[in-house]
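Please treat every number below as a calculation from the coordinates, not as lab data. All values derive from a computational prediction rather than experimental measurement. Neighbour counts are summed over all protein chains in view; Cβ atoms, including those assigned to glycine, are modelled from backbone coordinates with ideal geometry.
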Amino acid sequence: MSTDYIARQSTRTAVLLIGLLCAGACAPHASSKLPDLCTGTAVSKRVTLVLDTVLTPGSTLRALAGQRYAMTLHLTPQLTPGDCGDATGEASYDAQLPDELEAGISHTVSPTWLVLATEVEVDFNPTMSNDHLQMRLPLDGSTGHWTLSSLAGQVARGRVLTGE
């Protein structure tokens, strides 16, 4: 091997390393504050879903009443809105949820979000009216709520606790 070849390989390795470091450090970071959605900034928010009420008799959800489920929401704006009421975008999440709640989440269509007055509504199954998990988070960071619905109506509901 020539020293010229070794020098070129070392230079390529150094450039690749610098590029990877910059990509991690220079990439835009998501905010944790919901009002930042109104400026077109992506938001990642840790929340906890609390199963407070099961409305369907005999539901397997009854055994889960009182349980808490950690979730990280990732909300990405589609466009920079003219005002906060126009803010909308796609959502994704990281969570380990029981099958009964997962049933309300589409695995073929991305969840969506929309600012409605003073809340962000996250729709986990935007194309369906049954098996539908929906969450509302106040822009001020206070306690939100979620619902799980089927064709027959609301099946379960609970609180959404926010945390940093």
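Tabulated data for the structure shown
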item	result
From phi via Karplus (6.51, -1.76, 1.60), per-residue ³J(HN,Hα) for the stretch 129-137 in Hz, x at Gly/Pro	9, 9, 6, 10, 9, 9, 10, 10, 10
Distance between modelled label sites at THR48 and THR60, nm, 7 Å Cα→Cβ extension	2.6 nm
Spacing of the two label points (7 Å from each Cα toward its C-beta) at SER150 and GLU102, in nm	1.8 nm
Extension gain, HIS29 back to HIS74 (0.36 nm per residue minus Cα-Cα distance, nm)	15.1 nm
Nonlocal amide H pairs with VAL120, under 5 Å, H built at 1.01 Å	LEU137, LEU139
³J(HN,Hα) computed for each position of the stretch 45-61 - Karplus, 6.51 cos²θ - 1.76 cosθ + 1.60, integer Hz, glycine/proline x	10, 7, 9, 10, 8, 10, 7, 8, 9, 10, 9, 9, x, x, 5, 5, 5
